[in-house]
1. Pick out the one residue from Thr38, Thr34, Thr14, Thr60 that is loosely packed, with under 10 Cβ neighbours inside 10 Å and either in a helix (DSSP H, G or I) or in contact (Cβ under 8 Å) with a residue 24 or more places away in the chain (or both).
2. Restricting attention to region 1-11, which residues are assigned to a helix (DSSP H, G or I) and open to solvent by 70 Å² or more (accessible area, probe 1.4 Å)?
3. Can you confirm whether region 66-86 contains a residue that is surrounded by 10 or more Cβ atoms within 10 Å (Cβ to Cβ) and within 30 Å of the chain's Cα centre (by Cα)?
Amino acid sequence: MTVGLDLIWNVILTLIVGPIVWALAYINKRVDHTDDVTNQIWKTIAETRENIATSYVTKTDLHNDLNRIMQRFDRLEEKIDRISGAKQ
C-alpha cells in the first residue's frame, strides 16, 4: 500500500512542479529576450546622440550664410529703390 501512496505522491508532485518549472523557464527566456531588446534600444539611442552632433552648424558657416542673405536683401532694396525712383 505504501508503494501506491508513494506513486500517487510522485505523480501529484510531478503534475504540480512540472508546470511551475516550465513557467519559470519560459519567464526566464522572456526576460533574456527583453534584456536583448532593451540593450538594442539603448544602442540605438547612443547612435542617435552621436549622429545629432554631426548636424550642427558651425558659427563661421552660419555667419557666412547670413552675410550672403543680407547681401541679397541689400541688392533687392537697391533695385526696389531704383524702380520706385524711376517711376516718380
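The values are calculated or read from the model by the stated rules, or taken from the named source; none is laboratory data. Predicted model only: the values in this text are computed from it and were never measured. Cβ placement follows ideal geometry from the backbone for every residue including glycine, while neighbour counts extend to all protein chains displayed. Remember, those area values only see protein heavy atoms, side chains included, never the ligands or the DNA or RNA. Shrake-Rupley method; radii C 1.70, N 1.55, O 1.52, S 1.80 Å.
1. Among Thr38, Thr34, Thr14, Thr60, only Thr60 is loosely packed, with under 10 Cβ neighbours inside 10 Å and either in a helix (DSSP H, G or I) or in contact (Cβ under 8 Å) with a residue 24 or more places away in the chain (or both).
2. Thr2, Val3, Leu5, Asp6, Leu7, Ile8, Trp9, Asn10, Val11 - these are the residues of region 1-11 that are assigned to a helix (DSSP H, G or I) and open to solvent by 70 Å² or more (accessible area, probe 1.4 Å).
3. no
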